[in-house]
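Take a look at the structure below.
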Amino acid sequence: MTELPGSVLFACTMNAVRSPMAEGLMKHYFGNRVYVDSVGVRGEEVDPFAVIVMAEIGIDISKHKSKLFDELEDSSFDVVVSLSPEAQHSAVEMTRTMACELEFWHTFDATYIQGKREQMMAAYREVRDFLEAKILARFGAPTSAAGSG
């Protein structure tokens with residue numbers, strides 16, 4: 001089994017879609033064993049489509065509050081995962097003096113998809129499923145007692 005880190009930070013551009021999804025997934029699977037947070041280069045309210053596709057799999061991110069790198073209460077993390085090139089740049093700056101693992105999971109920005117609602121929903125589901133697969137591949141399948149719900 002993969003050794004879990006004590007803390008993980010997910011970072012993306014707006015902290016409205018990708019990083020809240022990743023935070024929600026990580027908390028769902030490992031929330032009682034790993035401190036998890038997310039951040040953005042710029043802040044925006046959580047995207048309603050992100051809330052909907054996460055609710056489809058039983059994870060509620062509707063109360064997510066967007067925050068910026070300089071608003072983090074704790075800036076010491078074992079693993080920092082950036083999900084966009086812009087966030088990667090900020091994560092590199094933040095972690096220069098930290099002993100942590102820095103990973104870049106280039107993740108599609110579903111907000112670029114315009115069109116019919118179902119096309120947009122499909123894009124958000126694709127991002128959710130990509131992040132879920134990456135989290136499980138990186139941190140291992142949770143044991144029955146691992147997740148928080």
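The values are calculated or read from the model by the stated rules, or taken from the named source; none is laboratory data. Note that this is a predicted model, so its numbers are computed, not measured. For neighbour counting, all protein chains shown are included, and Cβ atoms are generated from backbone atoms with ideal geometry for every residue, glycine included.
Here are the numbers for the structure shown:
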| quantity | calculated |
| --- | --- |
| Verdict on ARG96 being modelled with pLDDT under 95, over 19 Å from GLY31 (Cα atoms), charged (D, E, K, R) and out of contact with any His (no Cβ under 6 Å at 6 or more places or on another chain) | yes |
| Among residues of segment 27-44, those that are within 23 Å of HIS89 (Cβ to Cβ) and either more than 13 Å from the chain's Cα centre (by Cα) or not acidic (Asp, Glu) (or both), counted | 8 |
| Residue in segment 106-121 that is basic (Lys, Arg) and assigned to a loop (DSSP other than H, G, I, E, B) present | yes |
| Tabulated pairs, segment 31-47, first of a type in the set (Ser, Thr, Tyr), second outside any strand (DSSP E or B) and buried (at least 19 other Cβ atoms within 10 Å of the Cβ), C-beta under 7 angstrom, 6+ apart or interchain | SER38/ASN15; SER38/SER19; SER38/PRO20; SER38/ALA22; SER38/GLU23 |
| All positions within segment 20-79 that are assigned to a helix (DSSP H, G or I), among the hydrophobic types (A, V, I, L, M, F, W, C) and modelled with pLDDT under 95 | PHE69 |
